[in-house]
Amino acid sequence: MEPSVSNPYFFSVILVLIGLFVGLAIGAWLFSRAGVVASKVKKGEENTAFLKGVNYLLSNDHDHAIEEFIKAVQINSDTVETYIALGNLFRSKGEVGRAIRIHESIILRPTIDRETRIQAMYDLGMDFKKAGFIKRAISSLEDVIDHDPTRLDAHIQLEELYEEVVDWEKAYIVQERISRLRKTQDNNILAHLRTELGKSFFAGNDPNSAKRLFKKAISLDPNCIDVLLHLGDLYLSQKNYAKAISIWKRVMKINPPLTHLVYDRLERAYSEKNKPDDFEHFLRKSSTESRDNSYIHLALAECLAKGGKIEAAIKELRSVLRINPGSMEARKKLGKILIEHGRDNELALEYEDLLKRLDMPDKRFRCQNCGFESENVQWKCPQCLKWDTIIPKESESNASIT
């Protein structure tokens, strides 16, 4: 049978095919429109979750922020920025393992851009640091700098980690880069780093290398008390008393509040030199030249007390208290002398005066950057990690350790 349009059978088949084609076309159009609508709905839900997470983050509500960011990545797992934020939040909450897995997964993605990969590498380094995996943290940060030598934050973190593992040579190199990136003169920091390396050589019985590094530190910062103290120690170990004494005298001139750091050293040097009287003579001369320097008077008082010159020692201690009534060290030494020599009436007067000052702070040093307080001088603040910011409280108004 030949096909014919007039044939009712073939005509009905054609109508069915046309209807099917039209139906498929309409169905495809409707499906595509539904896909677009669904995509838009999903994108809207993702954005809503992300914005909620940001708002919670700004409110310092990390738990709810994490919940919303998790919703966002469940809706769209390709949003790398949300994963990065989520990983950093996990680290801030101490869930370092989850943070590490997230940042490692981001780095392994083949399609992410260079900047995002570098940021994920940096965040991974921070994860390892938080977890105490210092070597892995160092490796990650070194990778960051290899990919982007201008990353200042990575340099700063890396320098701190090198200090933590006592790799002073690498810490010094990185600090030089930091200074170049910031365009700042950080010679005081570089001097401390050279000093620390010198100390390690000195402790390892390599005085020549130590001396070379100490002198380099002084060339960087002639007023670095840390290096002056230890270079003096090195000269003393070599029985070069004249140089040791000369260097320690510089400390007393540069920063009188730190006289207590050189007092025992000077006393030992004069003693080994077999000229103990010269030490007392030096202190007397210094106290005359600097009548308002309570630290010199305190050192002289201790020297006189050790020599049995009690009345002279008491006089010097009273000079200290006249200059600095808040000197608890002077009060303790004076009280001890009065007790040992049975001078009860004077002791009672001193005790009465002391009671008026018991509300004074007992910690002698304070960081000028963050307010951290300490009983002893420290060259680097353990709280804010700044160098040369901890100074004696009584000299806060007019001095700083340099």
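What follows is calculated from the coordinates using simple rules that are stated; it is not laboratory data. Keep in mind the model is a prediction, meaning the values are calculated, not measured. Glycine also receives a Cβ, built like all others from the backbone with ideal geometry; neighbour counts cover every protein chain displayed.
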- Given a cut-off of 25 Å, name the pairs among K129/K170; K243/K309; K129/K215; K275/K393; K216/K249; K199/K249 whose C-alpha atoms lie farther apart than that in the structure shown. K243/K309; K129/K215; K275/K393
- Item | Dipole magnitude of the stretch 275-360 about its Cα centre (Cβ charges: Lys, Arg +1; Asp, Glu -1), debye to nearest 20 | 100
- Item | Spatial separation of Cα centroids for the stretch 273-317 and the stretch 121-159, in angstrom | 52
- Message: Pairs of alpha-carbon atoms within less than 8 angstrom and 6+ residues apart define the contacts here; what relative contact order does the stretch 147-218 have, in percent?
- Response: 25
- Task: Kindly put D167, D113 in sequence by how many other C-beta atoms sit within 10 Å of each C-beta, fewest to most.
- Result: D113, D167
- Treating the Cα atoms of the stretch 275-360 as identical point scatterers in vacuum, please give the log10 of the normalised Debye intensity I(q)/I(0) at q = 0.21, 0.23, 0.24 Å⁻¹, two decimals. -0.96, -1.10, -1.16
- Distant alpha-carbon pairs in the stretch 227-336 (separation over 16 angstrom), percent: 56
